[in-house]
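Okay, structure first, notes after.
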Amino acid sequence: MDEKYFPLKIEEKWQRVWGETGAFETESGRDAEARPKFFCLETMSYPSGFLHMGQVRSYCLGDALAWHKRLQGFNVLHPFGWDSFGQPAEQEAAITQDAQARERTEENIAHVGGQLKRLGIGFDWRRETATHRPDYYKWNQWFFLRMLERGLIYRRTSPVSWCPKDETVLPNEQTQEGGVCPLCGTAAEKRERGQWFIRTTAYAEELLADMEEIEAGWPDGVLAMQRNRIGRSVGAYVDFPVRDSEAKVRVFTTRIDTIYGATAIVVAAEHPLLNELEESPLKERVMAFVTRVKAERAGRASNAPGEEEKAGVNTGLFAVNPFSGEQMPVWVANYVRIEYGAGAVMAVPAHDEHDFEFAQKYSLPVHRVIERVSHEQESIPHTDAAGLDQSAAMPHAFTEYGILVNSAEWGGKLSQDAIREMAAYAEEKNFGGGAVTYRMRDWNISRQGFRGAPIPIVHCDACGIVPVPEQDLPVVLPEQAEFKGAGESPRANIAEFVNTSCPKCERAARRETDTLDAFVDSSWHFFRYCDPANNAAPFDKARAAYWTPVDQYIAGTEHALTHLLYARFWTKMMRDIGLVTFGEPVRNLLTPGAVTNLVEGTGEWRAMSKPLGNDVDPGEMIESFGADALRLSVIFAAPPENELRWTETGIEGAERFLRRVYNFAWRWHAALKEWGELTTAEHTLADSSGIASGYSVFEIDKADFGDAARSLERKTHQTIARVTQDFEELRFNTSIAALMELANALGDFKVAPDAATPADKIVVREALEALALMLAPFAPHVAEEMWESLGHTAGGLLAGGARWPQTDAGLARKEALEIPVQINGKLRGRIQATPDTSEDELREAALADEKVRAHMEGRQVVKVIVIPQRLVNIVTR
Ligand code: ANZ
Ligand code: ZN
């Protein structure tokens, strides 16, 4: 240990030692796997060329937990990978027309990987994976074939964005707001085109039901988002015959009880019924409208309903209500989506807000058929023609359940009962029945972008669609694709790629030119970490059985919805093809908040980003303050889930704290080291995992302890208890606060090292050892240096088998307090409490105290004033 703290020097030293001793290299094999495991995962990184502070935060949180678990004796897997076909990487390559995209990716990987190593993050680098490498994406293609065999993959036409100028398909992600081509700015068009889909909806029910298993370990917000995306909806379908036609229109409704109030049928612009329209001026109007709606949709980034003003046209067709026999017009409108339910609705303006708005605009009738159930109202509200006038004047839709009116023999029933009975009736009469639909859609995995894993399919004129045989995998992505003018995917005019022979009949055939969505890569990547070099399978089943599911995943909220839903789906699929034995891949999920910074000239805190100019380069921070200070500051600044407002004073404070701790260790290390050698020779405690503990334990008569020693000892054990507990609850920031308090207690320990008694040395040594061990998850380089200075020379904390400190429960207990109790300002008694005793508990204890009660005889309590940890004052009359 040097006298002065030079972060860069000790950081370089320990990173070298960790590399040499393989400190973070996860053990495999039977011996290691007899130990309890902990799989700590953060999201992959896009190799964008620089490290972002948000990533730094996430990796520092993960590393803190990984260190803690290692010190607790777990066999810890903390791996790292590159999402190198991920959207930003792809976008950059496409926009810059980067023909050397692959080399650039490898350069970025080397550069950012170097920054992560410089930060000292304890990844097992031997397991590093990158999704753009053929040895990885080969397995994406393998999974594709497995799913194809099982009927989980199918092909159908679906719209893509198309740039008419560049004559190319635009990846959906790249079609920016307003629908312009990212290359030339021309307005994008939509074209129908055959694309590949995974039947994720086959797992919708299970994706929802299994959420029970993860309920405890996932944030409520994420659970809600998943539920909402799956979007289970229970209702009924009803078939409405079209007048003068064989056709029927099927609608999905959650409110079949309102069917007597239906005054129109409204279909989506893509509805097949529209093909049936007779040649007529009306047909022209309808088709013009349909074209307009489709164009508007193409121009919008999302397909969310309700964003646009409602619009529609009358088709001239009529449909017949199978309950009432009433006829109603068929409209086409922009607020009905083809993908949901049956792609058509019965419009009930009186009871649905969307329909109400639509009816207002186009003067459709409003028929009220549900009344509020009122308490006074004993009888059923009467149902005469006057009801109609009344309902026409409804200021808005009445959307609640109630009692049916104007509904023939169903009148007088409660909505809940009618919903059940009317669906059963529809089923009995063969024009409908109960139905469950999901908002979730099948997953379109076709991409026409610059880079990605080629879909392993050959198109043969004779045999049709033929899968590439497994032994021919991987189908390697040609790296020199031209983005423009291919008329298709960028690969379409690369003859060497496209032209091939049919695996079945050996005649000339064409390769599929689409690539797989990069979400495929990330859906299973963490399983690959268990066995990253496997050449015969995506991973070995036994290895995965040991390591997975993931014990703790740390993933930003931007990944919480789509990525995790796909990862959950993928795991269930892998279970069904026999690779794993469970269906939920992630036990616990932490979603760190954004790292924000002031945007100059606006006074606004926004997530750091290069375009906003409010990003901070982690590399520069490391140069100025050291990796430990950066790591400590990003964890200390806020609870993990919260926004982290970046300030340079934060990292300055962290550096000052580390320097203080370091200086204290330096001041004492000579005295303590000697003492350590003389007396203890390190007890070797065997812990439950059978590994020797390097934590020093002293046998000494506590009677020799002075007040200062006693109080420092107590502080040490209280800190161990608190920090250990905080780790359980992922409250990393408050555990750092506790370590700061312990450091302060050391600072207050006024004995000089050369005047210290053996007892003094023992408590200081114990405190410093505990501080080093508990600081290791946050500032591992300083921690290693302190630990070594205390005489532990076995090649570092982990190589030396150091263990998380144990707390002495008796010592950890908070000191007892005596709280005075006053009655009307006069001291009348004392009660026992701890600093944690709540106000309510203090109030109750004071009122229950015997002496106090004796003084209260015959008086009435007006109020009780409680000052926590200090005083209770009872005011009486
Ligand atoms: C008639 C009705 C009357 C409805 C009423 C609601 C209230 P959730 O709960 O989200 O599943 N709907 C059905 N298919 C649709 C589509 N393709 N595009 C737009 N809207 C559609 O919503 C189900 C309700 O959404 C259905 O119930 C239908 O309107 C509408 F008083 O049918 B309802
Ligand atoms: Zn063929």
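The values are calculated or read from the model by the stated rules, or taken from the named source; none is laboratory data. On a predicted model such as this, the values are computed, not experimentally measured, just so you know. Counting neighbours? That spans all protein chains shown, and the Cβs are built from the backbone with ideal geometry, glycine included. For the accessible areas, the whole protein counts, side chains as well, though only heavy atoms, and no ligand, DNA or RNA atoms are used. Shrake-Rupley method; radii C 1.70, N 1.55, O 1.52, S 1.80 Å.
Some points to look at:
- Cα→Cβ-extended label distance, 7 Å offset, between His111 and Thr734, nm: 4.2
- Efficiency of FRET between Phe582 and Lys361 - r from beta-carbon atoms, R0 51 angstrom, step 0.05: 0.50
- Taking all Cα-Cα distances within the chain, those exceeding 40 Å account for 55%.
- Applying 0.36 nm per residue to the separation of Glu212 and Ala224 and subtracting their alpha-carbon distance, the gain on full extension is 3.1 nm.
- Averaging the sequence gap over all C-alpha pairs within less than 8 Å and six or more residues apart, then dividing by the number of residues, gives the stretch 753-827 a relative contact order of 21 percent.
- The apolar share of the surface of the stretch 143-299, taken as the fraction of accessible area on carbon and sulfur atoms (1.4 Å probe, ligands and nucleic acids excluded), comes to 47 percent.
- Sequence-distant lysines (8 or more away, or on other chains) whose Cα lies within less than 18 Å of Lys429: Lys248
- Neighbourhood charge, 11 Å Cβ-Cβ cut-off, centred on Thr43 and excluding it, Lys, Arg +1 and Asp, Glu -1: -3
- The local environment of Glu620, defined by Cβ-Cβ distances under 13 Å, has a net charge of -3 under the rule Lys, Arg +1 and Asp, Glu -1.
- Accessible-area rank, largest first, for Asp63, Asp472, Asp754: Asp754, Asp472, Asp63, with all protein chains present and a 1.4 angstrom probe.
- Segments 237-248, 578-589 sorted - mean Cβ within 10 Å per residue, highest first: 578-589, 237-248
- Both numbers refer to the Cα atoms of the stretch 101-159; Rg and Dmax are 17.3, 49 Å.
- Model label points for Glu246 and Arg659, set 7 angstrom from Cα along the Cα-to-Cβ axis, are 8.8 nm apart.
- Most to least packed among 351-362, 825-836, 457-468 [average Cβ atoms within 10 Å]: 351-362, 457-468, 825-836
- The alpha-carbon of Lys69 sits under 18 angstrom from the alpha-carbons of these lysines, leaving out residues fewer than 8 places away in its chain: Lys37.
- Protection proxy ranking for 544-557, 800-813, using the average of other Cβ atoms within 10 Å per residue and placing the highest first: 544-557, 800-813.
- Only Cα pairs under 8 Å and 6+ residues apart enter the sum, and on that basis the relative contact order of the chain stands at 14 percent.
- Cα shape, the stretch 1-149, gyration tensor, a/c 1.5 rule: oblate
- In this simple spin-label approximation, Thr876 and Lys429 carry label points 7 Å from Cα along the Cα→Cβ vector, and these lie 7.8 nm apart.
- Charge dipole magnitude, Cβ of K and R +1, D and E -1 - the chain, Cα centre, debye nearest 20: 320
- Of the DSSP H helices in the chain, those whose Cα atoms cover at least 18 Å axially and whose Kyte score averages 0.0 or more: 732-748, 758-775
- Paramagnetic label reach from Ala854 (point 7 Å along Cα→Cβ; backbone nitrogen cut-off under 12 Å): within the stretch 801-833, residues 828-830.
- Extension gain, Glu278 to Ile465: 0.36 nm times the residue separation minus the Cα-Cα distance gives 63.6 nm.
- Ligands, DNA and RNA left out, the 1.4 Å accessible surface of the stretch 520-595 is 48% carbon and sulfur atoms.
- About the centre of its Cα atoms, the stretch 157-259 shows a dipole size close to 420 debye [charges on the beta carbon of Lys, Arg (+1) and Asp, Glu (-1) only; nearest 20 debye].
- Surface accessible to a 1.4 Å probe, per residue, for the residues of the chain, Å²: 44
- Rolling a 1.4 Å probe over the protein heavy atoms of the stretch 17-83, with every protein chain left in place, gives an accessible area that is 49 percent carbon and sulfur.
- 3J(HN,Hα) along the stretch 640-645, derived from phi through the Karplus expression 6.51 cos²θ - 1.76 cosθ + 1.60 where θ = phi - 60°, amounts to x, 7, 8, 4, 10, 8 Hz, with x in place of Gly and Pro.
- Between the beta carbons of Phe50 and Ser501, assuming R0 = 60 Å, the FRET efficiency works out to 0.85 to the nearest 0.05.
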